[in-house]
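A short write-up of the structure that comes next.
The values are calculated or read from the model by the stated rules, or taken from the named source; none is laboratory data. Just so you know, these numbers come straight off a predicted model, no measurement behind them. No Cβ is skipped: glycine too gets one built from the backbone with ideal geometry, and neighbour counts run over all protein chains shown. These accessible areas exclude ligands, DNA and RNA; they are computed on the full protein's heavy atoms, side chains included. Shrake-Rupley method; radii C 1.70, N 1.55, O 1.52, S 1.80 Å.
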Amino acid sequence: MSDPTAPTGDLDACAALVARADPDRFATLMAAPVPARAALLPLYAFNVEVARAPWVTQEPMIVEMRLQWWRDVLEEIASGGPVRRHEVATPLANTLRRPAPDGAADRLSTAPALLDELVAARRRDTAQMPFDDPAALRAYLDATAGNLMVVAALLLGDAAQIPVRAIGRAHGLAQYLMAVPELEARGKAPLPDGRPDTLRALAREGRDWLAEGRAARLPKQVRPALWPAWQADAILKRAAAHPARVGQGALAPSEFSRRFGLLRRGLTGAV
């Protein structure tokens, strides 16, 4: 998992962080080719840091300060100047500033702005009230899971943002539905409408997004960026068939299904 632009200790710290906090995503990294791992690891560590910021404290001001810290890092990266030393920020800067895989110098220029949108959207995680409507939930999924997957694909050499974003949005929805019981236990109202018919329609829409993205037949070299969504279809299919499982926390695929699905992608490169 070496990267000549980043200290080994930083990459080791990123690996430990992702393995501990996001084991499913880490498993997709281990199934990916070594160059893809080195490119994606700092990005996924960044995502962990940002995603957990609203949950480490109940003080909104502290959450805002943590998120603003990362927005400042992204501004430093975009400016081309020095970036503050940090075990995740430093390798992230090196990754986002490296030459694009196909020589397209401007390909990664949009990445800091996309990640800044991701950080800004995480402010929503502090809210107790539900999303205003399904469109607001979709916008949140686009800015978080969608932007993360788009940047991952850019790092591996592809700029086809529409199909990648569709897969990212579907993955984000699947993970969000999985998190509903935990969010409710924390006093949140995570869904704009929790009625069974609404949940069924939302899950079906998520499957449509996934099918749309997969139909694009993206280049093989960028497919590891899409692998975090390997469980999304099974989760959304289960939510569409049995909406009550959302509130019961019973959407997770079996361990056999998880392992087989990831093995299949590692061997075939399938999305």
Open item on the list: Kindly evaluate VAL73 against the criterion of being of a type in the set (Val, Ile, Thr) and within 30 Å of LYS220 (Cβ to Cβ).
Closed with: no
- [ ] Report yes if GLU76 is of a type in the set (Asp, Glu), farther than 21 Å from GLY168 by Cβ and either touching a helix residue (DSSP H, G or I) at 6+ places or on another chain (Cβ under 9 Å) or open to solvent by 50 Å² or more (accessible area, probe 1.4 Å) (or both), otherwise no.
- [x] yes
Open item on the list: Being on the phi < 0 side of the Ramachandran plot and touching a Phe, Trp or Tyr at 6+ places or on another chain (Cβ under 6 Å) is true for just one of PRO181, PRO192, PRO224, PRO219. Which residue is that?
Closed with: PRO192
- [ ] Can you give me the number of residues within the stretch 32-70 that are in contact (Cβ under 8 Å) with a residue 12 or more places away in the chain and either under 30 Å from GLN221 (Cα atoms) or of a type in the set (Gly, Ala, Ser) (or both)?
- [x] 22
Open item on the list: Test of understanding: among PRO253, PRO243, which residue is more than 23 Å from ALA93 (Cα to Cα), modelled with pLDDT under 95 and in contact with a helix residue (DSSP H, G or I) (Cβ under 6 Å, 6 or more places away or on another chain)?
Closed with: PRO253
